[in-house]
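Everything on this sheet refers to the single structure shown next.
The values are calculated or read from the model by the stated rules, or taken from the named source; none is laboratory data. Small disclaimer: the values here were computed from a predicted structure and weren't measured. Using ideal geometry, Cβ is built from the backbone for each residue, glycine included, and neighbour counts are taken over all protein chains shown.
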Amino acid sequence: MNSNMEKNETQTSCEYQENVGILRQIDFFSSLPLEATKVFAYLCTRESFRPGDYLFQQDEEGDRAYYIISGSARLDHRIENTEKTVRTYTAGAFIGRLALMGKMRRLFSLKASTEVTCLIIGREKFTRALEQFPDIMPKIIKVLVDNIYNWEKRFLADGYVEGTDCFQQIGVSLV
C-alpha cells in the first residue's frame, strides 16, 4: 500500500468518526443505538458552499437535511419579488429534518453567507437505513414531536405582540 492510499484511508476513517460524533450530538439521532448512528454516519456526505451559493431554494422539493459544520447561512423567504431574511444559522444547526420523513416543497431558501461546510443526508439513504433498523422510527417521531412542542412552548413563553395575528397562528402542537 502506498502512502497516498494510507493517507486517504486515514482521512476517510477520521471523517467517518467525526460524522458519528456529530450525529450523536444532534437530537434527531442522539437517542438511536450506536450501530444505527454508524450507518447514518457512513451514508452522510460533506459538501462545501461559497458565499452566495444556495444550499436549497424556496419551492423546490426538499429531500436532504443539513448539519452546518462551519460557516453561516441565511434563511430567506420570498413573497412576490421581495426576499426577507428570517434568521441566520451557524455551526451546530441541523436543518431540514422533515424532508427526510417525506416529500415536501421548501418554504424557504437557505443561502451561504460565508464559506459553509455541511454534513448532509438524503431521504433515499435515510429511508434505506431505516429499513435496517425499523425499531428506531418511534424514537425519531418522538424527537420531532418534542421539537414541535418545545418550539411552541418557547413561542408562548416569549409572549406575542398585541395587535398582530401571530398568536392566532400557533397551535401546531395540536396537529
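Which condition does LEU32 not pass, out of (1) assigned to a loop (DSSP other than H, G, I, E, B); (2) touching a helix residue (DSSP H, G or I) at 6+ places or on another chain (Cβ under 6 Å); (3) over 16 Å from MET137 (Cα atoms), if it passes all the others?
Among (1) assigned to a loop (DSSP other than H, G, I, E, B); (2) touching a helix residue (DSSP H, G or I) at 6+ places or on another chain (Cβ under 6 Å); (3) over 16 Å from MET137 (Cα atoms), the lone unmet condition for LEU32 is (3).
When the residues of segment 112-132 are filtered to those that are among the β-branched types (Val, Ile, Thr) and under 22 Å from ALA91 (Cα atoms), which remaining residue is farthest from the chain's Cα centre (by Cα)? Working first, answer last.
As a first pass, look at segment 112-132 and keep what is among the β-branched types (Val, Ile, Thr): 114, 116-117, 120-121, 127.
In the following step, the residues that additionally are under 22 Å from ALA91 (Cα atoms) were identified as 114, 116-117, 120-121.
Details: THR114: 18, VAL116: 14, THR117: 13, ILE120: 8, ILE121: 8 Å.
So, considering only residues that are among the β-branched types (Val, Ile, Thr) and under 22 Å from ALA91 (Cα atoms), the one farthest from the chain's Cα centre (by Cα) is THR114.
Only residues that are under 16 Å from the mean Cα position of the chain (by Cα), within 22 Å of PHE133 (Cβ to Cβ) and in contact (Cβ under 8 Å) with a residue 24 or more places away in the chain: list them for segment 32-63, please.
Of everything in segment 32-63, those that are under 16 Å from the mean Cα position of the chain (by Cα), within 22 Å of PHE133 (Cβ to Cβ) and in contact (Cβ under 8 Å) with a residue 24 or more places away in the chain turn out to be PHE40, ALA41, LEU43, CYS44, THR45, ASP63.
Which of the residues belonging to segment 147-175 are touching an Asp or Glu at 6+ places or on another chain (Cβ under 8 Å) and modelled with pLDDT of 70 or more?
Answer for segment 147-175, where residues must be touching an Asp or Glu at 6+ places or on another chain (Cβ under 8 Å) and modelled with pLDDT of 70 or more: just ASN147.
Just the residues that are assigned to a loop (DSSP other than H, G, I, E, B) and surrounded by 12 or more Cβ atoms within 10 Å (Cβ to Cβ), please, taken from segment 47-58.
Within segment 47-58, PRO51, ASP53, GLN57, GLN58 meet the criteria.
Identify all residues within segment 76-117 that are free of Cβ contacts under 8 Å to residues at least 24 places away in the same chain and buried (at least 16 other Cβ atoms within 10 Å of the Cβ); write none if there are none.
Within segment 76-117, just TYR89 meets the criteria.
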